[in-house]
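To keep things clear, I will list the structure first and then write my remarks on it.
Bear in mind that the values in this text are calculations on the coordinates, not laboratory data. Only a predicted model underlies this, so the values are computations on that prediction, with no experimental measurement involved. We place every Cβ from the backbone using ideal geometry, glycine too, and count neighbours over all the protein chains shown.
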Amino acid sequence: MAMIEVAGLSKIYETPGGAVRVLEGLELAVAAGEAVAIVGPSGSGKTTLLNLLGALDRPSGGTIRIAGEDIGGLSAAAAARFRNRALGLVFQHHHLLPQLTVLENVLLPRLAGGWEEPAVATTQRARDLLGKVGLDHRLNHLPWQLSGGEMLRAGVARALLNRPRLLLADEPTGLLDQAATAQVAELLLQLNRDEGVTMIVVTHNTALARQLGRTLELAHGKLREAAR
Ligand SMILES: Nc1ncnc2c1ncn2[C@@H]1O[C@H](COP(=O)(O)OP(=O)(O)OP(=O)(O)O)[C@@H](O)[C@H]1O
Ligand SMILES: [Mg+2]
């Protein structure tokens, strides 16, 4: 089954200085259960692409289907429901809420509504996820009391709370040292292997890219198979 079907995708940012063409005629097909690494130079449009796949932004042209659903035309409210139900998003910048503790930040997706699991069970899973990313000793810290790498790992735990079928991760190991990188990489690979979670991972980490199923390179607005 196809999880992601992208055809003729383009994204042009209109700025006071003129139009910035980032994606042009991009094609992408990802089967359910696949894990794909995306590489490419800074400014090539990797984050732009993830924002479009996550329905956080709208394409200038082309179509995006996720699990058969055309997400390009969703209203803002429908896009939010779609993200909360089906997606895990790990951002390059963590977006933790400053007034909430680490544990509360990870539990945040639960507040969006439509959550059927009892609160006690969700809280236990949040603690387990934080344990898996090595943050069990930081549950009650506020975001500013964390290191950059710890914030990023809290963001990974939060992205997994809704048991996503599709995980979109923007440099999930970007700020991490070797030990923390290994921990996050293992968590992602295990989710893909054991639970069949489809994932797109933007990464500069060649070791992680090699462990994912396939590597695509973004350049000149399009994706192509990268040499491995
Ligand atoms: N909102 C915006 N308005 C105008 N231009 C933008 C906007 N967002 C991104 N861009 C431009 O689009 C290009 C692609 O940006 P994007 O963030 O997708 O790159 P990236 O591949 O993720 O880079 P990096 O590896 O540095 O994170 C850049 O040249 C950037 O300046
Ligand atoms: Mg980026």
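Couple of notes before you dig in:
- Close amide H partners of residue 215, meaning residues 5 or more places away or on another chain with modelled amide H under 5 Å apart, are 37, 226.
- Euclidean distance between Cα centres, the stretch 31-47 to the stretch 57-116, Å: 18 Å
- Here the Karplus relation 6.51 cos²θ - 1.76 cosθ + 1.60, evaluated at θ = phi - 60°, turns the backbone of the stretch 36-45 into coupling constants of 10, 9, 10, 10, x, x, 4, x, 7, x Hz, with x for every Gly and Pro.
- Within the straight-line cut-off of under 20 Å between alpha carbons, the lysines reachable from residue 11 are 46, 222, sequence neighbours fewer than 8 places apart in one chain being disregarded.
- Label reach from residue 182 (point 7 Å along Cα→C-beta): in the stretch 197-228, amide nitrogens under 20 Å belong to 204-212.
- Theoretical gain in end-to-end length, residue 20 to residue 42 [0.36 nm per residue, Cα-Cα removed]: 6.4 nm
- In this label model, residue 116 and residue 206 are separated by 4.7 nm, measuring between points 7 Å along each Cα→Cβ vector.
- The alpha-carbon of residue 132 sits under 17 angstrom from the alpha-carbons of these aspartates and glutamates, leaving out residues fewer than 8 places away in its chain: 104, 150, 177, 186, 194, 195.
- Counted by Cβ distance under 13 Å from residue 71, the other residues give a net charge of +1, where Lys and Arg count +1 and Asp and Glu count -1.
- Beta bridges per DSSP with both ends in the chain, % antiparallel, nearest 5: 55 percent
- In percent, rounded to a whole number, the relative contact order of the chain is 29, using alpha-carbon pairs under 8 Å and six or more apart.
- Residue separation of residue 13 and residue 137 scaled by 0.36 nm, minus their Cα-Cα distance, works out to 40.4 nm of gained length.
- Difference of contour (0.36 nm per residue) and Cα-Cα distance, residue 99 to residue 190: 29.6 nm
- For the chain, fraction of C-alpha pairs farther apart than 33 Å, in %: 14 percent
- When each of the peptides 149-159, 22-32, 210-220 is scored by the mean number of other C-beta atoms lying within 10 Å of its residues, the order from highest to lowest reads 149-159, 22-32, 210-220.
- In whole angstrom, the stretch 1-82 maps to an equivalent ellipsoid with semi-axes of 21, 17, 11, each derived as √(5λ) from the alpha carbon gyration tensor and ordered largest first.
- Expected 222 nm ellipticity per residue - DSSP helices of 4 or more, -39500 (n - 2.57), all of the chain, to 500: -10000 deg cm²/dmol
- For the peptides 9-19, 44-54, 78-88, the ranking by packing is 44-54, 78-88, 9-19, with the highest mean count of neighbouring Cβ atoms within 10 Å listed first.
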